[in-house]
1. Exactly one of these conditions fails for Arg59: (1) of a type in the set (Lys, Arg); (2) open to solvent by 40 Å² or more (accessible area, probe 1.4 Å); (3) touching a strand residue (DSSP E or B) at 6+ places or on another chain (Cβ under 9 Å); (4) part of a helix (DSSP H, G or I). Give me its number.
2. Give the range 25-40 a look and list any residue that's over 17 Å from Val145 (Cα atoms) and touching a residue at least 12 places away in the same chain (Cβ under 8 Å), or say none.
3. Collect the residues in the range 2-44 that are of a type in the set (Asp, Glu) and exposed (fewer than 13 other Cβ atoms within 10 Å of the Cβ), keeping them in residue-number order.
4. Name every residue in the range 1-35 that is away from the ligand (no atom under 16 Å from the Cβ), under 13 Å from Ala137 (Cα atoms) and in a loop (DSSP other than H, G, I, E, B), in order of residue number.
5. Out of Ile131, Ile90, report the one residue that is part of a helix (DSSP H, G or I), at pLDDT 95 or above and within 14 Å of the ligand (Cβ to nearest atom).
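The values are calculated or read from the model by the stated rules, or taken from the named source; none is laboratory data. The model shown is predicted, which means the values in this text are computed figures rather than measured ones. Please note: Cβ atoms are built from the backbone with ideal geometry, for glycine as well, and neighbour counts cover all protein chains shown. Remember, those area values only see protein heavy atoms, side chains included, never the ligands or the DNA or RNA. Shrake-Rupley method; radii C 1.70, N 1.55, O 1.52, S 1.80 Å.
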Amino acid sequence: MISDIYDVIHRRRDVRGQFTGEPLPPGALDRVLGAAHAAPSVGLSQPWDFIVIRDRGLRESFHRHVEHERDTFAATLDAEAADRFSRIKIDGVLESTLSIVVTYDADRGSPAVLGRHSIADAGLYSVCLAIQNLWLAATAEHLGVGWVSFYREAFLQHLLGIPAGIRPVAWLCLGPVTHLQGVPDLEGHGWRRRRPLHAALHADRWNPGPTTTQD
Ligand SMILES: Cc1cc2nc3c(=O)[nH]c(=O)nc-3n(C[C@H](O)[C@H](O)[C@H](O)COP(=O)(O)O)c2cc1C
């Protein structure tokens with residue numbers, strides 16, 4: 001089950017269109033959540049919670065909201081980009097086996113969160129590390145994950161009864177997939193290409209580096 005870490009990192013994909021809807025293998029959900037919960041966190045605050053959503057009605061309500069937000073985004077695009085966007089699937093909410101909403105509680109461990117006094121966002125960084133752990137563990141389990149961010153936080157808070165002050169950070173679709181694609185879906189659709197590593201590297205100080213046609 002445990003593949004080489006680099007293999008898992010490079011096989012990981014954001015999944016929208018390849019979910020089968022089949023049940024998860026026994027124990028897989030616990031292992032994936034355990035991996036998320038093992039993430040590093042600022043001041044050992046572990047500011048995350050995980051809401052596992054199987055309810056069809058909740059998923060349909062969320063999906064309708066996502067479709068609305070998709071339209072809102074599409075309306076901001078020029079005709080050419082809107083046409084390209086119209087062919088891109090942005091979620092697998094209804095097709096995946098289940099969803100997990102990951103939340104952030106800024107009050108966990110406060111007021112003296114060790115290491116967060118000067119960088120308030122360090123708490124959010126911690127939640128994102130838990131999400132990445134979950135994503136990689138799911139990939140090692142040959143499951144797919146799709147991060148959906150086409151939503152308003154207030155809508156999701158109301159839908160799931162999340163208390164005030166706790167922020168939903170991600171809606172993650174999870175489940176078995178037919179396969180993981182070799183390239184990101186957005187690249188496949190000509191929306192955007194991945195930046196080569198050398199374009200992101202700086203030596204000693206910030207320098208412009210090689211320019212690309214894309215940026
Ligand atoms: C914070 C965040 C939000 C994202 N939101 C969405 C989303 O709403 N819909 C979607 O289809 N993909 C979403 N993605 C997936 C990205 O489009 C994807 O990671 C990127 O295109 C690279 O593809 P890969 O993850 O397969 O390497 C999101 C990813 C991140 C990290």
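1. Of the numbered conditions (1) of a type in the set (Lys, Arg); (2) open to solvent by 40 Å² or more (accessible area, probe 1.4 Å); (3) touching a strand residue (DSSP E or B) at 6+ places or on another chain (Cβ under 9 Å); (4) part of a helix (DSSP H, G or I), the odd one out for Arg59 is (2).
2. To start, the set of residues in the range 25-40 that are over 17 Å from Val145 (Cα atoms) comprises 26, 38-40.
Once the filter is applied, which keeps residues that are over 17 Å from Val145 (Cα atoms) and touching a residue at least 12 places away in the same chain (Cβ under 8 Å), the range 25-40 yields Ala38, Ala39, Pro40.
3. If we filter the range 2-44 for residues that are of a type in the set (Asp, Glu), which is where we start, we get 4, 7, 14, 22, 30.
Selection gives Asp4, Asp7, Glu22, Asp30.
4. Of everything in the range 1-35, those that are away from the ligand (no atom under 16 Å from the Cβ), under 13 Å from Ala137 (Cα atoms) and in a loop (DSSP other than H, G, I, E, B) turn out to be Met1, Ile2, Ser3, Asp4, Gly27.
5. Numbers: Ile90 fails: part of a helix (DSSP H, G or I).
Of the residues listed, the single one that is part of a helix (DSSP H, G or I), at pLDDT 95 or above and within 14 Å of the ligand (Cβ to nearest atom) is Ile131.
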